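Working notes, beginning with the structure itself.
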Amino acid sequence: MDKLLTRKEFLSNLGSMFAVGSAISLFPWLTSCTEKGQKEIEGQVAKLGIIGTGSRGQFHIANLLVDKSAKIVALCDDYEPHLKEAAAMCPDAKLYSDYRKLLDDKDVEGVIICTPLNWHAVMTIDSFKAGKHVFCEKSMAYSIQECKDVIAEWQRSGKVFVVGQQRLFDPKYIKAMELIHSGAIGEVVGVRNYWYRNNDWRRECPSPDLERRINWRLYNASSRGLMTELACHQLQNGSWAMDQYPECVTGMGSIRFWKDGREVFDNVAVTYEYPNGVHMTFESIISNKHFGMGEFILGSEGTIDLVKGIMFSESPAYRSGIEQFLMQIKQGILSNSAFAGSSWSQEEASTDPGVRFTDKIITTDGSSSTGATNDGSVELAHAFCHAVITGQQPEKIVKEAYYATALALMGDQASHEKSTLYFKDEDRIL
Amino acid sequence: MKDLVISGRKVKRELLIALGCFICAVLINIICIIVYHSQWHEIFTQIGFTVFVAIALYVLLLIVRLIILACRKIFCKRNK
Ligand SMILES: NC(=O)c1ccc[n+]([C@@H]2O[C@H](COP(=O)([O-])OP(=O)(O)OC[C@H]3O[C@@H](n4cnc5c(N)ncnc54)[C@H](O)[C@@H]3O)[C@@H](O)[C@H]2O)c1
């Protein structure tokens, strides 16, 4: 697929939602996606090194290969099969098995770090020290202290820093946030997130010695489980919608089904409380996928389904039965109405089919652990190239990523301790 | 130019199919009223939507019939 076309589509999608100019003033980190942003870097390339060429690394490589503003000059992985796969995709790139050697390479201007979580902080800090711009995959780091160290080093370096929170570049989310901020659903009264799958989250492992390296997601030393791998994306929703950050979190988790030697929970239920009293929930179970992935902002006058890009009203205009039926067919969400009550009877689920608020909506079901297409990842990687070339730090991304990671880490800790944790003042650094 | 002759039998058949589609659409409307707990006067007030559904059903059926006809023709040619 031509990624420039995708960006054009992205722009036209944004353009159909609001005047692009006003979108940029509301969402300034999107500058790289505008025509002005494209012109600024015309004919220039960001010379990049990829550290960690596993599934996410290769996903980025595939996207960057068709981005005219990117040139992949170096690849690094300490697992040869993955390095070879990536080398086949970019035969001209220099190959390294030690990331520090890649950082010594003067050709590399910026690095994209796609390694397991336990490596994020050390690699990011070393990269800044080596004078490189950094795009680190989410979550930012393994602990809040590591996140703070990363931020401190970033601030010292004066380099560009981007973290893999691609929802910031997804048109559905952008439009939804614009609607929420304009009061379209009244006051925000709740935030509900869930991510259900039915698979063991394992990768095929050629030898038992490699188990902890290949299946790093399943072990405490390299992962904080569902919270840093899945929740981190969704926990951004509440903060973005309300422009504030939770005060405390409580949670629980267990290994209920996949008792295969893993150390991280296979189900969690976590609740955050915001200063205004709003609660944000995150639930994940990976042994039942009935509900799939869902993200909802609940308002006093309506609800926004962020994943599907639909807005529901609390007092929907009356629609005849056949009209509701036709709308449901049009929206492709033939919900089981036998379970839903009439729209005017309280305490029962609303049957309002809602209205789509973006054209050409592209939804993802959250089942891929590599990343979905058209979820903002391409635009985020392009924004990084733009930032490397211009030296301009895209706004908001680091702050959002820091708090999303901190909330995920606190949620993980709370669910291990089965306790309530308070967000410390000294951790509110941005 | 050749004159196109549509026999009365064919016209009658199409009218019957159209009537069938309309009856189906009315039934769909009734089912929707029951399922969505809406109001019975919608049988009359929503006639526009009913006609729309009837036309959609007719067109759908037409496509299916054309496909069957084409398959039959191909099949007959092969048998010859
Ligand atoms: N933003 C998103 O939507 C998204 C999606 C998927 C993954 N991710 C993130 O991307 C990162 C990588 O995930 P993945 O699925 O690609 O994992 P993966 O296991 O497929 O790839 C990780 C790679 O890093 C390599 N590696 C590990 N330690 C290394 C070291 N010290 N030096 C060099 N290479 C090393 C491994 O050999 C492996 O090839 C994770 O942090 C994950 O959370 C983000």
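Miscellaneous remarks
- Vicinal HN-Hα couplings computed from phi for region B:44-60 (Karplus, 6.51 cos²θ - 1.76 cosθ + 1.60; Hz; Gly/Pro x): 9, 5, 9, 4, x, 5, 4, 4, 4, 5, 4, 4, 4, 5, 4, 5, 4
- Build a GNM of chain A with springs between Cα atoms under 10 Å apart, and of A:Gly158, A:Gly411, A:Gly376 the one that fluctuates most is A:Gly158.
- Kirkwood Rh (inverse of mean 1/r, distinct Cα pairs), region A:106-232, angstrom: 17.1 Å
- Compared with the alpha-carbon gap, the fully stretched path from A:Glu35 to A:Ile255 is longer by 74.3 nm at 0.36 nm per residue.
- 0 to 90° range, to nearest 10: angle between helix A:321-331 axis and chain A longest Cα axis: 10 degrees
- Residue of A:Cys33, A:Cys205, A:Cys114 that the Gaussian network model of chain A assigns the largest fluctuation, springs spanning Cα pairs under 10 Å: A:Cys205
- Net length available on complete extension from A:Glu211 to A:Asp243 is 7.4 nm, with 0.36 nm assigned per residue and the Cα-Cα distance removed.
- Among the trypsin sites (Lys or Arg not before Pro) found in region A:35-122, those both in a DSSP coil and sparsely packed, with 14 or fewer other Cβ atoms within 10 Å of their Cβ, are A:Lys106.
- A Gaussian network model of chain A, with springs between Cα atoms under 10 Å, assigns the largest mean-square fluctuation among A:Ser55, A:Ser367, A:Ser207 to A:Ser207.
- Shown is the FRET efficiency for B:Lys73 and A:Val355, computed with R0 = 51 Å from the Cβ-Cβ distance and rounded to the nearest 0.05: 0.65.
- Entry for the protein assembly as shown at q = 0.11, 0.13 Å⁻¹: log10 I(q)/I(0) = -0.98, -1.24, Debye formula applied to identical alpha-carbon scatterers, no solvent contribution.
- Karplus-derived 3J(HN,Hα), 6.51/-1.76/1.60, for each residue of region A:220-237, Hz, glycine and proline x: 4, 5, 10, 8, 10, x, 4, 5, 7, 8, 10, 4, 3, 5, 7, 5, 6, 4
- Annotation: the residues A:Met252, A:Met123, A:Met242, sorted from fewest to most other C-beta atoms within 10 Å of their own C-beta, follow the order A:Met252, A:Met242, A:Met123.
- In this simple spin-label approximation, A:Lys129 and A:Thr420 carry label points 7 Å from Cα along the Cα→Cβ vector, and these lie 4.1 nm apart.
- R0 of 25 Å, Cβ-Cβ distance B:Val26-A:Met327: FRET efficiency to nearest 0.05: 0.80
- In terms of surrounding Cβ atoms within a 10 Å radius of their Cβ, A:Lys259, A:Lys308 rank from fewest to most as A:Lys259, A:Lys308.
- Residues A:Thr53, A:Thr31 arranged by fewest to most Cβ contacts within 10 Å: A:Thr31, A:Thr53
- Long-range amide H partners of A:Ala46 with built H, under 5 Å: A:Ala70, A:Lys71
- The angle separating the long axis of helix A:3-17 from the principal Cα axis of greatest extent in chain A is about 30 degrees.
- Per-pair calculated FRET efficiency, R0 = 56 Å: B:Ala18 and A:Leu430 via Cβ, rounded to 0.05: 0.25
- Separation of the A:Arg100 and A:Asn198 label points, Cα + 7 Å toward Cβ, nm: 4.8 nm
- Ellipsoid semi-axes in whole angstrom, largest first, where each is sqrt(5λ) of the Cα gyration tensor of region B:8-79: 34, 13, 8
- Taking the longest Cα principal axis of chain B as reference, the axis of helix B:8-35 is set at about 30 degrees.
- Between amide H atoms placed 1.01 Å from N, distances below 5 Å from A:Cys248 occur with A:Glu273, A:Phe423, all of them 5 or more places distant or on a separate chain.
- Backbone amide hydrogens, once placed in the peptide plane, bring A:Val111 within less than 5 Å of A:Gly49, A:His133, A:Val134, A:Phe135, excluding anything fewer than 5 places away on its chain.
- Within region A:116-189, the percentage of alpha carbon pairs spaced more than 17 angstrom apart rounds to 53%.
Read the figures in this text as sums done on the coordinates, not as results from a lab. This is a predicted model, so every value here is computed, not measured. In this analysis, Cβ positions are derived from the backbone assuming ideal geometry, glycine residues included, and neighbour counts consider all displayed protein chains.
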